[in-house]
1. Working only with C-alpha atoms, what are the Rg and Dmax values of the chain, expressed in angstrom?
2. For the chain, which whole percent of the accessible surface, found with a 1.4 angstrom probe, sits on carbon and sulfur atoms?
3. Express the accessible area of the chain per residue in Å², computed with a 1.4 Å probe while the remaining protein chains stay in the model.
4. So if we plug the beta-carbon distance of Tyr53 and Phe20 into 1/(1 + (r/R0)^6) with R0 = 22 Å, what FRET efficiency do we get, rounded to 0.05?
5. Among all helices in the chain defined by DSSP H, which have a length of 20 Å or more along the axis from Cα atoms plus a Kyte-Doolittle mean of at least 1.6?
Amino acid sequence: MAGTSHGHTPAAWTGVIIAFIGFCVAGVFMVAANPLGFWAGIAVIFGGGIVGYAMKLAGLGMPKESSELAEARARAGEAQVSH
């Protein structure tokens, strides 16, 4: 995955950080036996997904791969296998 920069975008980082905060909030309130705080943490987790997706739509995610690039990648993979 390092060669494709999978997940190395502002949209991915922001969504994951927000979701991580939501997991922390939900975990603390679950231990504290506070259902309202737990569900608030779950809402923050879903909010992280929504924010990440919105940022992707705004152009801050990975660009779509063109058909020419996909074909070139397939040819390069075949060349590596044949050697």
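1. In order Rg, Dmax, the Cα atoms of the chain give 19.0, 60 Å.
2. C and S atoms contribute 73 percent here.
3. Values: 6300 Å² over 83 residues.
Value returned for the chain: 76 Å² of accessible area per residue.
4. Between Tyr53 and Phe20 the formula returns 0.85.
5. TM-like helix candidates: 10-31.
The values are calculated or read from the model by the stated rules, or taken from the named source; none is laboratory data. Please read these numbers as outputs of a predicted model, since none were measured by experiment. Ideal geometry is used to build each Cβ from the backbone, glycine not excepted, and the neighbour counts take in all protein chains shown. Accessible surface is based on the protein model in full, side chains and every heavy atom, while ligands, DNA and RNA are left aside. Shrake-Rupley method; radii C 1.70, N 1.55, O 1.52, S 1.80 Å.
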